[in-house]
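The values are calculated or read from the model by the stated rules, or taken from the named source; none is laboratory data. Treat the numbers as computed from the prediction; the structure is a model and nothing was measured. Ideal geometry is used to build each Cβ from the backbone, glycine not excepted, and the neighbour counts take in all protein chains shown. Protein only, heavy atoms only, side chains kept; ligands, DNA and RNA dropped before computing areas. Shrake-Rupley method; radii C 1.70, N 1.55, O 1.52, S 1.80 Å.
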Amino acid sequence: MIRQATLSDIWRLLEILQEAHSRSIYADVCGIDRERAKGLLSEGIAASFNGQAFAAVAEQAGQVEGFILGSEEPLYLIGDKTVVTDLFWVATSRVDARDPRQLMAGLISWGRLRPNAAEIRCGTTPVIQEPEKAARMLNRLGFEPYGTFHRMEIKR
């Protein structure tokens, strides 16, 4: 079941983020600043109640097993039009297989209603997901490939 996220979901969302982080490429690089994460989630969920952000969760057997948090910002932070994007789109292995797609579909619907939005942009990286699998899902939802990501790790 997909529903709007509420502030009472924050502790479970933090658990999901921690679980995802533990299997990410950054697990040995850094930890999660729980206070910062809690603040970001709180702000996003609160903003979703007046339409200024998008926050939804996927429940399986009464437990949240996935979520999406989306925002809108000026294109390249300087444009007079905006881009809608996901800040988090994360699920556990226990999520219903259809729910990640439904979460993204909800973000797309919300983004299309934003009067100043010029595009919806979402990336797939190997941080915690299988980028090819996520890319196929995004393509089926109407997204098109848009450049590539490159990274350079700093060894300390």
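For the reader, a short list of remarks on this structure follows.
- Residues in the stretch 137-148 that are over 13 Å from Met104 (Cα atoms) and either touching a Ser or Thr at 6+ places or on another chain (Cβ under 6 Å) or without any contact (Cβ under 8 Å) to a residue 24 or more places away in the chain (or both): Glu144, Pro145, Gly147, Thr148.
- Qualifying residue in the stretch 72-93 (condition: part of a loop (DSSP other than H, G, I, E, B), at pLDDT below 95 and loosely packed, with under 12 Cβ neighbours inside 10 Å): yes
- Residue match in the stretch 124-133 (condition: over 21 Å from Ala5 (Cβ atoms), open to solvent by 30 Å² or more (accessible area, probe 1.4 Å) and in contact with a Pro (Cβ under 9 Å, 6 or more places away or on another chain)): yes
Yes or no, residue by residue, for (1) more than 18 Å from Glu119 (Cα to Cα); (2) in contact with a Gly (Cβ under 6 Å, 6 or more places away or on another chain):
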residue: Gly39; (1), (2): yes, no
residue: Ala55; (1), (2): yes, yes
residue: Val64; (1), (2): yes, no
residue: Phe67; (1), (2): yes, no
residue: Ile78; (1), (2): no, no
residue: Asp86; (1), (2): no, yes
residue: Arg98; (1), (2): yes, no
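- The single residue among Gly111, Gly106, Gly66 that is surrounded by 11 or more Cβ atoms within 10 Å (Cβ to Cβ), within 20 Å of Ser22 (Cα to Cα) and either of a type in the set (Ser, Thr, Tyr) or modelled with pLDDT of 95 or more (or both) turns out to be Gly66.
- Residues located in the stretch 1-18, provided they are touching a Ser or Thr at 6+ places or on another chain (Cβ under 7 Å) and surrounded by 15 or more Cβ atoms within 10 Å (Cβ to Cβ): Ala5, Ile10, Ile16
- Positions within the stretch 39-58 being open to solvent by 60 Å² or more (accessible area, probe 1.4 Å) and out of contact with any strand residue (DSSP E or B) (no Cβ under 9 Å at 6 or more places or on another chain), in sequence order: Glu43, Asn50
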